[in-house]
Structure formats: structure tokens, C-alpha cells
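**Student:** Please find one structure pasted underneath; my questions will follow.
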Amino acid sequence: MIVDWQRSAAEGAVCYVESGMVVGLGSGSTAAFAVRRIGQLLRTGRLKGIVGIPTSLAVEALARTQEIPLTTLEEHPHIDLTIDGADEVDPALNLIKGRGGAMLHERIVAAASARTIIVVDEGKLVPVLGTRAPVPVEVVPFGWLPAMRALEQLGARAERRMAEGIPVLTDEGNWIIDCRFTAIADPLDLAMAICTIPGVVAHGLFLGMASMVIVGGRDGLRVLRPPLPEQGDKGKTGHGC
């Protein structure tokens, strides 16, 4: 059932892809459905002239199996549209991302995109960030332990991400510390505090970066858009390291 919701959300997002676009290809299980759909539309001729910029080695491999032409930010520094997933989405459309470990590349691609569409199943909607998902923090291996201690000082229950007794590596060769917070009252303050920690490369708090969120659920698709900023509010966007 959840897989069907994920697929419908991802394929709904692909409706916004037009021929000739440069498309950011997000990582994760839900975004993978979008990659497969784009490949299908290219093969049938319903889309033409698409080039993709993958956010991870895993999605690069998937895109190649789908015969999607790939490019780089050096060749195409401006991306028309990115489709990506998320681990949590709050009512302001702030996100936690990075369970797949690709948050650094995902942030770079999202920042270069004119629009970023996030695709999720309805179980990813939360009243406040930190309700269920940890905030992943990418750190250089040399300084992982002091960084983890500093994250604990911010209130996190922090642990290094491991697989079969070995630290999980990001595509950049860094390690990941997963940080669980009871609830994140001020995501911007937390994001800024994380970025001050020596050795931190990236984190999974994506604030104000979603142009829309497409949600698949038991009642079909919903399209969520960011709330309008209050008068005088310049917006809280980013905040990457």
C-alpha cells in the first residue's frame, strides 16, 4: 500500500517535467519511481531532450538503466526542476532528508534548481520535525567523535551510522551521525548550530527549499505548497553548512 502511495506521488511529480528540461534526480525509494517514469516517457517519445543530474551514485546507476542522458553541474549549472523525497515534512514544508546518505549532493542540486518538488507518502507528514526521523549529519572521519559529542550538547541522541560493524560511507567518503531529537522547536536555529561544529560537512535539515510537496495516500494525491510569508518576513531558507 505504501509503495503504491510512493509511486503515485512520484509519477504525479513527473507530470511537471517538460521536454528539453535539465532535471535533478533525487535519491531514495520514492524518488526512484520518478526516475523510472522519466525513463519510460523518454523511451516512448513522450518526453524528449531531457538530461538528468543525479544526486547519488545509486541514482546515477538507476538512471543509466533507464537510458536517461546524464549531465553535470559544470555543464548545466542551472537546473529547471528537481524531484526528490524526504523522511519528514512539517506544515511549513521544512524537511528532514538524508536517510540514504546523499544529503550533501541533494542540497547542492536543490540549491541550483528553479523548482524542487518533494514526493512522499502521507506517513512522512509530521506536526514538527524530529517526530520520527533522525537528523543525519555528515562528518569527516577524522573529527567524528568530537562532532558527535558536540551534537549531543545540542540535545541529540547521536550515534554513528553503521552497517555490519563498519561505518557507512557517503559518496564523498564521509561518515554519518544520526541525531534523534525529541522535537525540533526551531529548525533554523538548530541547523545554524550544527553548522558551527568543526568537521560537519552537511546535515539533513532542508528549510524553505521545497517548491511543493506531492503526497500520496489513502485518499489519492495531495499537492502542498509553502505558506505565504508574513509581511516583513524575508524567509528562512537553506540553511546548509
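**Student:** It is to be established whether one or more residues within region 29-42 are under 25 Å from Gly238 (Cα atoms), within 16 Å of the chain's Cα centre (by Cα) and surrounded by fewer than 16 Cβ atoms within 10 Å (Cβ to Cβ).
**Tutor:** Taking every residue of region 29-42 in turn, at least one turns out to be under 25 Å from Gly238 (Cα atoms), within 16 Å of the chain's Cα centre (by Cα) and surrounded by fewer than 16 Cβ atoms within 10 Å (Cβ to Cβ).
**Student:** Let me ask something additional. May I ask you to verify whether Ile68 is out of contact with any Asp or Glu (no Cβ under 8 Å at 6 or more places or on another chain), hydrophobic (A, V, I, L, M, F, W, C), touching a residue at least 24 places away in the same chain (Cβ under 8 Å) and over 26 Å from Trp175 (Cβ atoms)?
**Tutor:** The answer is yes for Ile68.
**Student:** Follow-up question, since we're still on this one. If a residue has to be crowded, with 23+ Cβ neighbours inside 10 Å and without any contact (Cβ under 8 Å) to a residue 60 or more places away in the chain to count, how many in region 88-121 make the cut?
**Tutor:** 1
**Student:** Just checking, which of Ala158, Ala191, Ala185, Ala150 is part of a loop (DSSP other than H, G, I, E, B) and either outside the structural domain of Ser29 (by TED's automatic domain parsing) or in contact (Cβ under 8 Å) with a residue 12 or more places away in the chain (or both)?
**Tutor:** Answer to the check: Ala185.
**Student:** Filter region 49-103 for residues that are within 17 Å of Val35 (Cβ to Cβ) and in a helix (DSSP H, G or I) and give the result.
**Tutor:** The answer is Leu57, Ala58, Val59, Glu60, Ala61, Leu62, Ala63, Arg64, Thr65.
**Student:** Checking Ala58 against (1) crowded, with 17+ Cβ neighbours inside 10 Å; (2) in contact with a Ser or Thr (Cβ under 7 Å, 6 or more places away or on another chain), only one condition comes out false. Which one?
**Tutor:** (1)
**Student:** Please tell me if Ala133 is at pLDDT 95 or above, outside any loop (DSSP other than H, G, I, E, B), surrounded by 17 or more Cβ atoms within 10 Å (Cβ to Cβ) and aliphatic (A, V, I, L, M).
**Tutor:** Spelling it out, it is not the case that Ala133 is at pLDDT 95 or above, outside any loop (DSSP other than H, G, I, E, B), surrounded by 17 or more Cβ atoms within 10 Å (Cβ to Cβ) and aliphatic (A, V, I, L, M).
The values are calculated or read from the model by the stated rules, or taken from the named source; none is laboratory data. Because the structure is predicted, anything quoted here is derived from the model rather than measured. Here the Cβ is made from the backbone with ideal geometry for all residues, glycine too, and neighbour counts use every protein chain on show.
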